[in-house]
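The values are calculated or read from the model by the stated rules, or taken from the named source; none is laboratory data. In this text, all values refer to a predicted model and were calculated from it rather than measured experimentally. Here the Cβ is made from the backbone with ideal geometry for all residues, glycine too, and neighbour counts use every protein chain on show.
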Amino acid sequence: HGVGERAGDLAGLSIAISAGGTREPIDPVRFIANLSTGRMGVELANEALARGATVSLVSANIDASVAGMVSPGVQVSKVSTAHELEAAMEKLAATHDVIVMSAAVSDFRVDNSADVKIKRGAPLKLSLVENPDILAGLARHKREGQIVVGFAAETGDEHVDYLEYGRQKARRKGADLLVINRVGAQAGFGDVDTTVTIVDSQGRTLSDATGSKRDAAAAIMTAIARKKSD
Ligand code: CTP
Ligand code: CA
């Protein structure tokens, strides 16, 4: 299969996608980050554009090599912190039909970040406070007919399987579609094959796909096209 078969099925749709991972400053030269490269979000943006959508990509510290893969024609804006990402997505939500939160957002930020570089020599305590849940907020304030899509990166543990954690997250977030992604030491980050399961707001499976992130992006855009024609 390829993009060709579905060419144009997203024509007329405007899609805003966040990608990458936020950075929360500790001091002017240090930050809290995560392993997200932005690859999944960039594949989503390219796939959506190829299928006829108008695409805005909000890039949160995407790896340089991945940023170079963004198709010309995707409108890119850059942010760094979760607060900046929230402001950018809320602004785009006012004008876009579909919102996709594929960025890895830091759950916490440093409450006592320093304006000058912190020196060694004394014990340091960072105080972390919770960041806003951007996806849940976008889902809560969704406009009529708008589609909100979230991701769930899950490892599972000895008590609960990763899919079940994802289904629980779907019910909690209120997004129309949630893409459950199994992550681990080897799986999930960068240029690796991935297995995604797409569920609805009740946690019911709609479809799944295994393959490259491009294959996963195609499956996600197909789920969005289907949801739109519901
Ligand atoms: N997300 C968000 N704002 C946050 C944290 C997460 O918008 N502060 C979004 C992510 O972009 C993703 C979805 O919520 O689309 C799920 O992120 P995830 O980290 O898996 O979920 P959390 O609700 O943060 O739960 P957990 O405690 O498992 O990290
Ligand atoms: Ca989280």
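Could you please tell me which pairs satisfy a Cβ distance under 7 Å, a separation of 6+ or placement on different chains, a first residue in the range 86-102 that is more than 17 Å from Gly174 (Cα to Cα), and a second residue that is surrounded by fewer than 21 Cβ atoms within 10 Å (Cβ to Cβ) and small (Gly, Ala, Ser)? Listed pairs, sorted by first residue: Ala88/Ser77; Thr95/Ser14; His96/Ser14.
Yes/no matrix, rows are residues, columns are (1) of a type in the set (S, T, N, Q); (2) under 30 Å from Asp27 (Cβ atoms); (3) surrounded by 14 or more Cβ atoms within 10 Å (Cβ to Cβ):
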residue	(1), (2), (3)
Ser106	yes, yes, yes
Ala122	no, yes, no
Ile134	no, yes, yes
Arg143	no, no, no
Val148	no, no, yes
Leu163	no, no, yes
Gly166	no, no, yes
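Residues are listed down the side, and each one gets a yes or a no for (1) in contact with a Leu (Cβ under 6 Å, 6 or more places away or on another chain); (2) outside any loop (DSSP other than H, G, I, E, B):
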residue	(1), (2)
Val160	no, no
Glu164	no, yes
Ala170	yes, yes
Thr195	no, yes
Val199	yes, yes
Gln202	no, no
Ser207	no, yes
Met221	no, yes
Asp230	no, no
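For the range 65-104, a residue qualifies if it is more than 16 Å from ligand 2 (Cβ to nearest atom), among the hydrophobic types (A, V, I, L, M, F, W, C) and closer than 16 Å to Asn34 by Cα, and the qualifying residues are Val66, Val79. When every residue of the range 56-65 is checked against the conditions, at least one turns out to be assigned to a helix (DSSP H, G or I), without any contact (Cβ under 8 Å) to a residue 40 or more places away in the chain and of a type in the set (A, V, I, L, M).
Scanning the range 35-59 for residues that are of a type in the set (A, V, I, L, M, F, W, C), under 20 Å from Thr95 (Cα atoms) and within 16 Å of the chain's Cα centre (by Cα) turns up Leu44, Ala45, Ala48, Val55, Leu57, Val58. Output yes when any residue across the range 103-118 is within 16 Å of Ser14 (Cα to Cα), at pLDDT 95 or above and in contact with a Leu (Cβ under 6 Å, 6 or more places away or on another chain), and no when none is. Scanning the range 103-118, I find no residue that is within 16 Å of Ser14 (Cα to Cα), at pLDDT 95 or above and in contact with a Leu (Cβ under 6 Å, 6 or more places away or on another chain), so the answer is no.
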